[in-house]
Amino acid sequence: MSRFRQGIEDFGQMLLFTGETFAWLVRPPFRLELVLAQMAAIGVGSTFIVGVTGVFAGMVLALQGNYGMRQFGVQGFVGGTVAFTLARELSPVFTALMVTGRSGSAIATELGTMRVTEQIDAMETMAVNPIQFLVVPRVVASILMFPALTMLFSTVGYAGAYAVGVFVAQIAPGPFIEHTRTILDVPDILHGLFKGVIFGAVVSIITTWRGYAAAGGAKGVGEGTTRAVVMSSVAILVVNYVITLVSLRGQ
Amino acid sequence: MIEVIGLHKSFQDNHVLRGIDLTVETGTTYVILGSSGSGKTVLMKHVIGLLRPDRGSVRVDGVDISKLEGQELTAARQQFGMVFQGAALFDSMTVFDNVAFPLKEKRRGIGHDELRARVVEKLRVVDLGEEVLDLWPAQLSGGMKKRVALARALVAEPKVVLYDEPTTGLDPITTDYVDDMIVTTKKRLGVTSMVISHDIASAFKVADKLAVLCDGLIAAQGTPAEVRASDHPFVRKFLALWFEKQ
């Protein structure tokens, strides 16, 4: 019971933290240089891992798609179905999971270390709000970079699918591209990018909170980082399901 | 002047401060002595408004800092500089950026040349030269970190400097150096200083007045001579361990 109560209290504190973060989002001073630095760390720094994951995800989807569709003689639809799946589901989810593992853990560790070594207290004594200085730039950068990385994932994923579909599975390039145009619409791409925005907000809030609330030395930082990654990963999958459910109900 | 009046603070069932009363006169150094876990750091965090009391108040030049919020609290904190136990330098910044940080935040738009001049000036106060400007905190020794932390605390020219266990973990020579630094800083800049420590030798060296904290209450306070003459059992035992070694 006490663990349940503690969990509720922790969640409530995270909601207050979220409210404070979004309140500071619109209050000066605006720290553009910190946002750009975080965009480089979270976004540019993740391009390689997101690119590699995207290529192989696209390639395996094309392989599997070709295997299944060949039995019905409709291999030409492989390009379209891969593009559709990537744009709406796989790109935002895989991207968010990969960036959580790479940058989310780094955010939780960095802020956790700053907390237990009193650097965050020091910042407060210097009349600087740590949420505004440390948290807001990471949240803004994540909200901007998650959809950009999602777009990258989709693009290289489709390129990987094309390479495997056309050069390995010998699917004719014409139907491969033509059916992509038929199946994939702009709203599908926007749907994936919207998920990227939401995942960016969710992951950055969870990881900054777990770091910000860390306590108890190196062990506390380690536990905070683990919880940040686990909570973010679960949240991505749950939120993804909810968004998809809501969007399909509307159609 | 800092006045702590009837200060109480509990964390869940742990009643850490049980009614602290003390006054720090402007321009003096006040040391709070006590064993580990006696509530010294909790007391100091109330003085700078990092914690709020359950009861009582902390007045700085007549203003009750425990009642302030938002921009008013931010403005009140600009009167303070604080040197943390572990120095608390920002790992991701060089020495220059660490020392410049409070000034850049206080006076946004300050020119780089003026900023550099102020940083170098404050590093000189703690006997450090320009050669350390581009070093990272990880490249500094424990004593150097404390000195950089003091330079950072002084750069925005605070009225009050708070020292949290400034000599903990330092060798005897560096400890002596840090003690001298506290005394010299007070003399050169005329700041009010509040030091929390369990290092009796350092406390008696730097203090104009001191207080001994025991079980969340002040067991004795006054000048070093007055505290040494106290007949409180804890104070006698606490001080005897050190004075018998001398």
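Observations on the structure shown:
- Condition check for residue A:79: farther than 30 Å from residue B:75 by Cα, within 14 Å of the chain's Cα centre (by Cα) and surrounded by 23 or more Cβ atoms within 10 Å (Cβ to Cβ): no
- Options B:15, B:46: the member that is more than 12 Å from chain A (Cβ to nearest Cβ) and surrounded by fewer than 18 Cβ atoms within 10 Å (Cβ to Cβ): B:15
- Among the candidates B:74, B:41, the residue that is surrounded by 16 or more Cβ atoms within 10 Å (Cβ to Cβ) and without any contact (Cβ under 8 Å) to a residue 12 or more places away in the chain is uniquely B:74.
- Residue list for the range B:67-92, filter: in a loop (DSSP other than H, G, I, E, B) and either charged (D, E, K, R) or at the interface with chain A (Cβ under 10 Å from one of its Cβ atoms) (or both): B:69, B:78, B:79, B:85, B:86, B:88, B:89, B:90, B:91, B:92
- When the range B:130-158 is filtered for residues that are over 19 Å from residue B:188 (Cβ atoms), under 20 Å from the mean Cα position of the chain (by Cα) and aliphatic (A, V, I, L, M), only B:144 remains.
- Of all residues in the range A:120-163 being among the hydroxyl-bearing types (Ser, Thr, Tyr) and more than 11 Å from chain B (Cβ to nearest Cβ), the one that is surrounded by the fewest Cβ atoms within 10 Å (Cβ to Cβ): A:155
- Single residue of the range A:43-76 satisfying the filter (over 26 Å from residue A:194 (Cα atoms) and aliphatic (A, V, I, L, M)) that is surrounded by the fewest Cβ atoms within 10 Å (Cβ to Cβ): A:74
- Subset of the range B:133-185 that is closer than 28 Å to residue B:107 by Cα and of a type in the set (Phe, Trp, Tyr) - its residue that is modelled with the highest pLDDT: B:136
- Residue match in the range B:222-238 (condition: under 20 Å from residue B:39 (Cβ atoms) and either outside the structural domain of residue B:8 (by TED's automatic domain parsing) or assigned to a strand (DSSP E or B) (or both)): yes
- Some residue of the range B:113-120 being more than 30 Å from residue B:240 (Cα to Cα) and either small (Gly, Ala, Ser) or crowded, with 22+ Cβ neighbours inside 10 Å (or both): yes
The values are calculated or read from the model by the stated rules, or taken from the named source; none is laboratory data. Here the structure is a predicted model, which means the values were calculated and not measured. A quick note on method: Cβ atoms are made from the backbone with ideal geometry, for glycine too, and the neighbour counts reach across all protein chains shown.
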